[in-house]
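First up is the structure itself, then whatever we jot down about it.
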Amino acid sequence: GTTSRSSLHDLRPTHKNLNPQSHPQARAREYTRAVTAAKLDRMFASPFLGELKGGHVDAVSSLAICRTNLCPVVTGAVDGTVRIWDLQNRRMVASLDGAHSRNVSGIVFGNGIDGQFYSCGEEGIIKAWGIYPKGQYITADVDDSDDEDKKPKAKRRNFKSSQDDDAESPHGPLNVYRLPSSRNNSYANAFHSIDHHWSESQFATASSDAAVHLWDPERSTPITTFNNLWGSDDTVTTVRYNPAERDLIAHCSSDRGIGLHDTRTASALQKTIMGMKSNCLEWNPMEPYMFVVGNEDYNAYTFDMRKLSRPTTIFKGHVGAVMSVGWSPTGTEFVTGSYDKTIRIFSTRKEGGTASHGGYGSNGTARDIYHTKRMQRIFCVGYTLDHKYILSGSDDTNIRMWKARSSEKIGQLSAREESSLQYRQALVQKYSHLPEVKRIHKARRVPKFIKKETEQAMVQKEKRRRKETNVIKHSKPGTQKYTDEKGKVVVKTVD
């Protein structure tokens, strides 16, 4: 009969004898299955899904993924064009040609459900846009007429644009913002980064006048300006709001500094100077006391904001400057895009670990490397909200879509498929320390250029280590000491 099966085509349930004496070769069989599982994982690895059709005309310089919706994505290019994309169909919704007259240096979504986003350019102008055409989108509003059953009620809203009604694009601009000092010469105060507050209607910008500006969308001038950045006159390149601390901002500057600001007292908290300049910074969305920076020295570093004098982990592997980083919504891993034309995914923790303490197996090496023959230097990367896909924008004008797990099957899994997949993953993790499983599981094919540069970097590292050993060996006892790698990253801290 079929009473013990869910269908006629299903396997009949079997009862196993769990007595170890009845299975003398259990560990040997399990090891063989682990090797097979590692091979299957590499055989089915196919991370590249495709491009967003059409791409850009010039290099893609910025990318923004909506914080409240899965589908909308906005990208900006070096030629000043902003384009709106639909991820579900991988097609372009609108192209805002001439949105900026120079490079679009930053794009960010607001925290509302109205689909508003902001873009800034190197010509010194910030513009507000809408992903939905004017008057054609619907937001949820609560009907207060019935207190017992409050249901969202569809309500149409219209933005009032500061431009006249004959605007070329129905998506905006809804508003335009400038610095008061840039009325005559906007190029002197170019914007290099923009970020929106996670809960309030407020955004921040980083500009070349060595200042961080806070803006209210209802006002055309900044409400607060941080222009005394520890006496530095260098350009601020990146600014990011903390996801949990409402009044905390982090920034990177051209003087190799990483600084923290308190917006309540309009004061600078602490700054750390690294050996080389940091190009990007992102806060961990799940453990917001941690952030990661991508550096010109080819590495990425995670810091605890309570102790900026030393990074918690160094993530290596790139052979070019790290231009962009993006956290997974789970906060357990992040993706980096580099000048060496590769994308790498780093896990910050494994079993029993946290972002500040990596746990067993978190050694700062990439768990996966993505590259194609045609992909050039990568300027922006990011995870989608469902943690399943990665978007990248590169110098070859394309926006590419990747799977976060290269061998993951797209679509619904049956209960048996999911159980089998989890079993194979557990086997690979259990036996990953053994040579054969480790060799298969870690094997990645990389371009010849990357391989040669990696070998050369290893030779240089060994040379530095040997020199340091000889200096200590031939110096007076106690005058020279070994310095660990994390201790060499930070040059100094400034309060």
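The values are calculated or read from the model by the stated rules, or taken from the named source; none is laboratory data. Owing to the predicted nature of the structure, the values given are computational and were not obtained by experimental measurement. Note that we place each Cβ from the backbone using ideal geometry, even for glycine, and neighbour counts take in every protein chain shown. Surface areas here come from the heavy atoms of the whole protein model, side chains and all, with no ligands, DNA or RNA. Shrake-Rupley method; radii C 1.70, N 1.55, O 1.52, S 1.80 Å.
How much FRET efficiency would the formula 1/(1 + (r/R0)^6) give for Met276 and Glu417, where r is the Cβ-Cβ distance and R0 is 41 Å, rounded to 0.05?
The pair Met276/Glu417 has a calculated efficiency of 0.30.
Just in segment 29-122: which trypsin sites (Lys or Arg not before Pro) are loop by DSSP and have at most 14 other Cβ atoms within 10 Å?
Those that pass, being in a loop and sparsely packed, are Lys53.
I need to check one value: relative contact order of the chain, counting alpha carbon pairs closer than 8 Å and at least 6 residues apart, in percent.
Relative contact order here is 13 percent.
Based solely on its DSSP helices, what 222 nm [θ] is calculated for the chain when runs of n ≥ 4 H residues each add -39,500 (n - 2.57) and the sum is averaged over all residues, nearest 500 deg cm²/dmol?
Helices in the chain give a 222 nm mean residue ellipticity of -4500 deg cm²/dmol.
How far apart, in nm, are two points set 7 Å out from the Cα along the Cα-to-Cβ line at His474 and at Leu40?
Simple spin-label model gives 5.8 nm for this pair.
Lysines near Lys127 by alpha-carbon distance under 22 Å, same-chain residues fewer than 8 away left out - which ones?
Qualifying lysines at Cα under 22 Å: Lys160.
What whole-number volume per residue, in cubic angstrom, does the convex hull of the C-alpha atoms of segment 380-453 give?
Hull volume normalised by residue count: 143 Å³.
Once the convex hull of the C-alpha atoms of segment 352-475 is built, how many Å³ does it hold per residue, rounded to a whole number?
Once divided by residue count, the hull of segment 352-475 is 204 Å³.
When the gyration tensor of segment 1-74 is built from Cα positions, what are the square roots of 5 times its three eigenvalues, in whole Å, from largest to smallest?
Taking √(5λ) for each eigenvalue gives 48, 22, 13 Å, largest first.
What does the charge dipole of segment 208-320 about its Cα centre add up to, to the nearest 20 debye, if the Cβ of each Lys and Arg holds +1 and the Cβ of each Asp and Glu holds -1?
Value, rounded to 20: 320 debye.
At 7 Å along Cα-to-Cβ for each site, give me the label-to-label distance between Arg465 and Ser6 in nm.
For Arg465 paired with Ser6, the spin-label model returns 5.1 nm.
Label the chain by shape, choosing from rounded, prolate and oblate, from the square roots a ≥ b ≥ c of the eigenvalues of the Cα gyration tensor; if a/c is under 1.5 it is rounded, and otherwise prolate applies when a/b is larger than b/c, oblate when it is not. Display every interim value, and only then the final one.
Details: a/c = 1.94, a/b = 1.21, b/c = 1.60.
Oblate, because a/c is 1.5 or more while a/b does not exceed b/c.
Expressed as a whole percentage, what fraction of the accessible surface of the chain belongs to carbon and sulfur atoms when a 1.4 Å probe is rolled over the protein heavy atoms?
Values: 12740 of 26280 Å².
Percent of accessible area from carbon and sulfur atoms in the chain: 48.
Select from His371, Ser392, Ile440 the residue farthest towards the positive end of the dipole of segment 352-495; place +1 on Cβ of Lys and Arg, -1 on Cβ of Asp and Glu, and compute about the Cα centre.
Ile440
Would you compute, for the Cα atoms of segment 7-144, the largest minus smallest coordinate along each principal axis and list the three values in descending order, in whole Å?
Principal-axis extents of the Cα atoms in segment 7-144, largest first: 75, 48, 27 Å.
Give the longest segment of the chain that steers clear of chymotrypsin sites (Phe, Trp or Tyr not before Pro) in DSSP loops with at most 11 neighbouring Cβ atoms within 10 Å, not counting the sites themselves.
Values: sites that count: Phe44, Tyr360, Tyr482.
Longest run free of exposed loop sites: 45-359.
With labels modelled as points extended 7 Å from the Cα through the Cβ direction, what inter-label distance (nm, one decimal) is found for Ser95 paired with Gln429?
The modelled label-to-label distance comes out at 4.6 nm.
I'd like the trypsin sites (Lys or Arg not before Pro) in segment 187-287 restricted to DSSP loop residues with at most 11 other Cβ atoms within 10 Å, sorted by number.
When the trypsin sites (Lys or Arg not before Pro) of segment 187-287 are filtered for loop state and at most 11 Cβ neighbours within 10 Å, Arg219, Arg264 remain.
Under unit Cβ charges (Lys, Arg +1; Asp, Glu -1), what dipole magnitude, rounded to 20 debye, does segment 225-272 have relative to its Cα centre?
The dipole of segment 225-272 has a size of about 120 debye.
Report the percentage of all Cα-Cα pairs in segment 429-478 whose separation exceeds 17 Å, rounded to a whole percent.
Cα-Cα pairs of segment 429-478 separated by over 17 Å account for 63 percent.
Rounded to the nearest 0.05, what FRET efficiency do Thr68 and Gln21 give with R0 = 56 Å and r taken as the Cβ-Cβ distance? Could you check?
That pair, Thr68 with Gln21, gives E of 0.45.
Relative to the Cα centre, what is the charge dipole magnitude of the chain, using +1 at the beta carbon of each Lys and Arg, -1 at the beta carbon of each Asp and Glu, and rounding to the nearest 20 debye?
On the way: 72 positive and 56 negative charges, 695 e Å.
Here the size comes out at about 3340 debye.
Exceeding 24 Å between C-alpha atoms, which entries from my cross-link table qualify? They are Lys307/Lys473; Lys373/Lys403; Lys341/Lys388; Lys316/Lys488; Lys403/Lys438. Please list the in-between numbers first.
Values: Lys307/Lys473 32 Å; Lys373/Lys403 18 Å; Lys341/Lys388 22 Å; Lys316/Lys488 15 Å; Lys403/Lys438 22 Å.
Cα-Cα > 24 Å for Lys307/Lys473; rest within.
Suppose we keep just the alpha-carbon trace of segment 203-335; what are its Rg and Dmax in angstrom?
14.4, 45
Would you mind working out the accessible area per residue for segment 191-341, using a 1.4 Å probe, and quoting it in Å²? Let's see the in-between values first.
Numbers: 5020 Å² over 151 residues.
Per-residue value: 33 Å².
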